[in-house]
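Shown next, in structure tokens, is the structure this report addresses.
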Protein chains: 2
Amino acid sequence: MNNKQIILKNRPKGFPDENTWQLEENKVPELEEGEILIQHHYISLDPAMRGWMNDTKSYIPPVALDHVMRAGAIGKVIKNNNNPNFDIGDCVTSWGGVQQYSVSNGDGWFKVDEKLATMPMYLGTLGMPGMTAYFGILEVGKIKKGDIVLVSGAAGAVGSIVGQIAKIKGCTVIGIAGGQEKCHYIKNELGFDEAIDYKSENIYSALKKKCPQGIDVYFDNVGGVILDAALSKLRMHAKVVICGAISQYNNKHKINGPSNYLSLLVTRSTMQGMVVMDYSKDFGKAAKEMNTWLQAGTLKSREDIYEGIENFRETYNRLFTGEKNGKLVLKVIE
Amino acid sequence: MNNKQIILKNRPKGFPDENTWQLEENKVPELEEGEILIQHHYISLDPAMRGWMNDTKSYIPPVALDHVMRAGAIGKVIKNNNNPNFDIGDCVTSWGGVQQYSVSNGDGWFKVDEKLATMPMYLGTLGMPGMTAYFGILEVGKIKKGDIVLVSGAAGAVGSIVGQIAKIKGCTVIGIAGGQEKCHYIKNELGFDEAIDYKSENIYSALKKKCPQGIDVYFDNVGGVILDAALSKLRMHAKVVICGAISQYNNKHKINGPSNYLSLLVTRSTMQGMVVMDYSKDFGKAAKEMNTWLQAGTLKSREDIYEGIENFRETYNRLFTGEKNGKLVLKVIE
């Protein structure tokens, strides 16, 4: 049996190109005692992948050259060589990487219930992006009823959940997204109070108009000019949650720091970074609550599914061009 | 009786110049019922003064054009028209401004005890800079015994107190200052563990050498490249206290934001702004504790005193050139 794998061959400067990854086809090794074979159905595509390719100190080691590209994956156990914790047919998820099969002793693989949600949802709203949103806005942003919450990347996998949780908790929510369709989606389908299209609106004047009272909590997925604009609108004792900086990940030189950071001083505000893995012991509890909201219809999940491991780079690029609608997922089972 | 006053005539772009202020001599008005006349002995010179001249939203309104330049002042009550709260000879301090006399109904003027400390000390270690240091490092920085604390502007009015309080609380303290004399002072007279001379050392390699384990708390008075370097050395769950950004106050264009701010994410750290006025209800308690340390000799205070209100601009410039040793004070009584 052959395993198509996406191998990191060269560390990109700026955007990945045709030399960054290579598609290889390798034989699936025989299982050793206690191992399981997982056939991946879907791969998760996330902005954080860009950072994992840089050879710099970060919250996890970089992907090594000539190794399978790191990614969240979900699939099914199709072989089991005496591992008592899994059965054939179990639906499981972990850091499987961009490939069609994983061989594992089971460590780090979690069983999920396909009756409760689809596989792509377990990579999105009930996976890392959803957990990031949940703990970021509740534990770091510490939102309270009545807060004015601004979120960037608002139609994305994390931002869309951040905004919906803030609505569930009784906040006023303004979302920043790229393009009319996404703005329409967050305002009319997800129930955000206001939407700002950063591609067609001046962000400073849009903020002035759409959150005239300022911001209590800003959840930042993008960095750059939008972070700067948000900092200029902080209310007293505001909180800025630093979740990511997608606008800066492909910079060839140093990233642009927020030149309005002294607004933190003027408004006595706090800017705090977060990494979702820190909350892993509470993922189960969070997923349970998120599922309740999903069932009740107060939380909506949208996945944008592409097909074919051969199309990995083209699909990955959509993360940064914004040509996607919701959580980006690649189907790799043939 | 005439009152020499420094009047703000033009808002500076970059460094103040000869058109920024004007020295005027005006008659001291007659006291109305309930008013007191205070003769200023000393004026406080602080980096924050630069910000007060900008016509932008901040934590206090800008100094109005054609008004006396805002400054902390200390002096004595020399006339009293039936104000029951003050006596002739009382030593008092408030926002008196850069002038030789203040007329007031007494609101905002606080009596201090000249037996416990000198007037210049009440503008420094027992005044706003000392309070900023005390609440900044204890309430915002929340230092614990054993923390590694880095402070910039370490020989200055705020930084020198920050570092000494951190030493009193059992921290390892590294100070960044400009020039050998200042570095010698903080290390050998104030007892800091290490000193970095940013004028002669590369800040990144000096940090690598002098705090190899990284930083738990960074107290920032300067911004710019030093803030960026400090961010690159944060330990997990570190705290960055944003107190000021003296390196950026005279920029003619926008200030340089910290391009290493994503280190907050990697290390799950917090950057928080502070304004000392927020703690004013506890100033008395803090001054009492600081005075205990001063009497015990564990806290040292150094003031650099210049003379003559005519020399205000030349003296003010020393804040930004660094040509001063300790808290900068101008004697305005003739």
Quiz item: Mind checking which residues of segment A:25-61 are surrounded by 16 or more Cβ atoms within 10 Å (Cβ to Cβ), assigned to a loop (DSSP other than H, G, I, E, B) and in contact (Cβ under 8 Å) with a residue 40 or more places away in the chain?
Solution: A:VAL28, A:LEU31, A:GLU35, A:LEU45, A:ASP46, A:PRO47, A:MET53, A:TYR59
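If I filter segment A:68-96 down to residues being in contact with a Leu (Cβ under 6 Å, 6 or more places away or on another chain) and under 20 Å from A:THR315 (Cα atoms), which single residue comes out as surrounded by the fewest Cβ atoms within 10 Å (Cβ to Cβ)? Even if it seems obvious, please write down each step before you answer.
Our first condition is that a residue be in contact with a Leu (Cβ under 6 Å, 6 or more places away or on another chain); within segment A:68-96, this holds for A:69, A:72, A:74, A:78-79, A:81.
Checking the rest, the ones that are also under 20 Å from A:THR315 (Cα atoms) come to A:69, A:72, A:74.
Values: A:MET69: 22, A:GLY72: 24, A:ILE74: 27.
Residue satisfying both the conditions and the ranking: A:MET69.
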Quiz item: Which one is surrounded by the fewest Cβ atoms within 10 Å (Cβ to Cβ) among residues in segment B:209-224 that are farther than 13 Å from B:GLY153 by Cα and of a type in the set (Val, Ile, Thr)?
Solution: B:ILE215
Exercise. Being away from chain B (no Cβ under 11 Å) and over 30 Å from A:ARG11 (Cα atoms) is the filter here, so list the residues in segment A:263-291 that pass it.
Key: A:LYS281, A:ASP282, A:PHE283, A:GLY284, A:LYS285, A:ALA286, A:ALA287, A:LYS288, A:GLU289, A:MET290, A:ASN291
Exercise. Output the number of residues of segment A:97-139 satisfying the condition of being over 26 Å from A:MET53 (Cβ atoms) and part of a helix (DSSP H, G or I).
Key: 5
Quiz prompt | Options A:PHE15, A:PHE86; residue that is part of a loop (DSSP other than H, G, I, E, B) and more than 24 Å from the chain's Cα centre (by Cα) | solution = A:PHE86
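For residues that are aromatic (Phe, Trp, Tyr) and part of a helix (DSSP H, G or I), scanning just segment A:276-334, find the one that is surrounded by the most Cβ atoms within 10 Å (Cβ to Cβ). So that I can check it myself, show each step before the final result.
Taking segment A:276-334 as the starting set, the residues that turn out to be aromatic (Phe, Trp, Tyr) are A:279, A:283, A:293, A:306, A:312, A:316, A:320.
Narrowing the set further to residues that are part of a helix (DSSP H, G or I) leaves A:279, A:283, A:293, A:312, A:316, A:320.
Details: A:TYR279: 19, A:PHE283: 19, A:TRP293: 17, A:PHE312: 21, A:TYR316: 26, A:PHE320: 16.
If we take residues in segment A:276-334 being aromatic (Phe, Trp, Tyr) and part of a helix (DSSP H, G or I), then A:TYR316 is surrounded by the most Cβ atoms within 10 Å (Cβ to Cβ).
Only one of A:ILE74, A:ILE60 is among the β-branched types (Val, Ile, Thr), at pLDDT 95 or above and assigned by TED's automatic domain parsing to the domain that holds A:LYS111. Can you tell me which? So that I can check it myself, show each step before the final result.
Working: A:ILE60 fails: at pLDDT 95 or above.
Just one listed residue meets the conditions, A:ILE74.
Within segment B:231-248, does at least one residue satisfy the condition of being among the polar types (S, T, N, Q), more than 10 Å from every other protein chain (Cβ to nearest Cβ) and free of Cβ contacts under 8 Å to residues at least 12 places away in the same chain? Talk me through it step by step, then tell me what you get.
From segment B:231-248, those among the polar types (S, T, N, Q) are B:232, B:247-248; that's our starting set.
Those still in the list that are more than 10 Å from every other protein chain (Cβ to nearest Cβ) too: B:247.
Filter once more, keeping what is free of Cβ contacts under 8 Å to residues at least 12 places away in the same chain: none.
Within segment B:231-248 (the criterion being among the polar types (S, T, N, Q), more than 10 Å from every other protein chain (Cβ to nearest Cβ) and free of Cβ contacts under 8 Å to residues at least 12 places away in the same chain), the answer is no, since none of the residues qualifies.
Might you let me know whether segment B:252-262 holds any residue that is within 27 Å of A:THR267 (Cα to Cα), in contact with a Ser or Thr (Cβ under 7 Å, 6 or more places away or on another chain), facing another protein chain (nearest Cβ under 10 Å) and free of Cβ contacts under 8 Å to residues at least 12 places away in the same chain? Steps first, answer last, please.
In the first step, residues of segment B:252-262 are kept if they are within 27 Å of A:THR267 (Cα to Cα); the result is B:252-262.
Checking the rest, the ones that are also in contact with a Ser or Thr (Cβ under 7 Å, 6 or more places away or on another chain) come to B:254-257, B:260.
Next cut, facing another protein chain (nearest Cβ under 10 Å) only: B:254-257, B:260.
From the residues that got through so far, the ones that are free of Cβ contacts under 8 Å to residues at least 12 places away in the same chain too are B:254, B:257.
Yes: segment B:252-262 contains one or more residues that are within 27 Å of A:THR267 (Cα to Cα), in contact with a Ser or Thr (Cβ under 7 Å, 6 or more places away or on another chain), facing another protein chain (nearest Cβ under 10 Å) and free of Cβ contacts under 8 Å to residues at least 12 places away in the same chain.
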Quiz prompt | Candidates B:SER160, B:SER205, B:SER152, filtered to the one that is of a type in the set (S, T, N, Q) and without any contact (Cβ under 8 Å) to a residue 60 or more places away in the chain | solution = B:SER205
Practice problem: Return only the number of the condition from (1) outside any loop (DSSP other than H, G, I, E, B); (2) exposed (fewer than 14 other Cβ atoms within 10 Å of the Cβ) that A:ILE6 does not satisfy. | Solution: (2)
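The values are calculated or read from the model by the stated rules, or taken from the named source; none is laboratory data. Treat the numbers as computed from the prediction; the structure is a model and nothing was measured. We place every Cβ from the backbone using ideal geometry, glycine too, and count neighbours over all the protein chains shown.
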